[in-house]
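What follows is one structure encoded as structure tokens, with my remarks underneath.
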Amino acid sequence: MWGAKIKWPADMPDDILKFSVDTATQALEECEDWEKQGESVVEAVKKKFDAQWGPHWHVIIGKNFGSFVTHETKRFLYFYVGDKAVMVFKSS
């Protein structure tokens, strides 16, 4: 969906889901060296979420990570863009 492999069920409205995929995909495409720029890519994506949808979004991007998070209802998404896993969620 929109060039990403989304893990279902996605707990996010379609408009935020599309924004998530588009924002992460664009940020990862602009990244030339993940090892050097990865942290700034994640920070940029988080700032876009906070500006668009209000504060307290969390963004994790990487190849190998596990998680157990508490999030607001309809504010969690996990998907892949290429070889990177992206997890986006909101908590107050």
*asked:* How large a share of the accessible area of the chain, in percent, is made up of carbon and sulfur atoms when the probe is 1.4 Å and the other protein chains stay in place?
replied: 50 percent
*Simple Cβ-charge dipole of the chain, Lys/Arg +1 and Asp/Glu -1, about Cα centre, in debye nearest 20*: 340 debye
*Any chance you could give the angle, 0 to 90 degrees and rounded to 10, that helix 34-53 forms with the longest Cα principal axis of the chain?*
30 degrees
*Kirkwood hydrodynamic radius (Cα pairs, Å) of the chain?*
13.2 Å
_Give me the 1.4 Å probe accessible area per residue for the chain, excluding ligands and nucleic acids, in Å²._
62 Å²
*Multiply the residue separation of residue 18 and residue 35 by 0.36 nm, subtract the distance between their alpha-carbon atoms, and state the gained length in nm to one decimal.*
3.5 nm
_³J(HN,Hα), Karplus 6.51/-1.76/1.60, whole Hz, each residue of region 17-29, x for Gly, Pro_ = 4, 4, 4, 4, 5, 4, 5, 5, 4, 4, 5, 6, 5
_I want the local charge near residue 5. Using Cβ-Cβ distances under 13 Å, sum +1 for each Lys or Arg and -1 for each Asp or Glu among the other residues._
+1
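The values are calculated or read from the model by the stated rules, or taken from the named source; none is laboratory data. This is a predicted model, so every value here is computed, not measured. Quick reminder, even Gly has a Cβ in these numbers, built from the backbone with ideal geometry, and neighbours come from all protein chains shown. Surface areas here come from the heavy atoms of the whole protein model, side chains and all, with no ligands, DNA or RNA. Shrake-Rupley method; radii C 1.70, N 1.55, O 1.52, S 1.80 Å.
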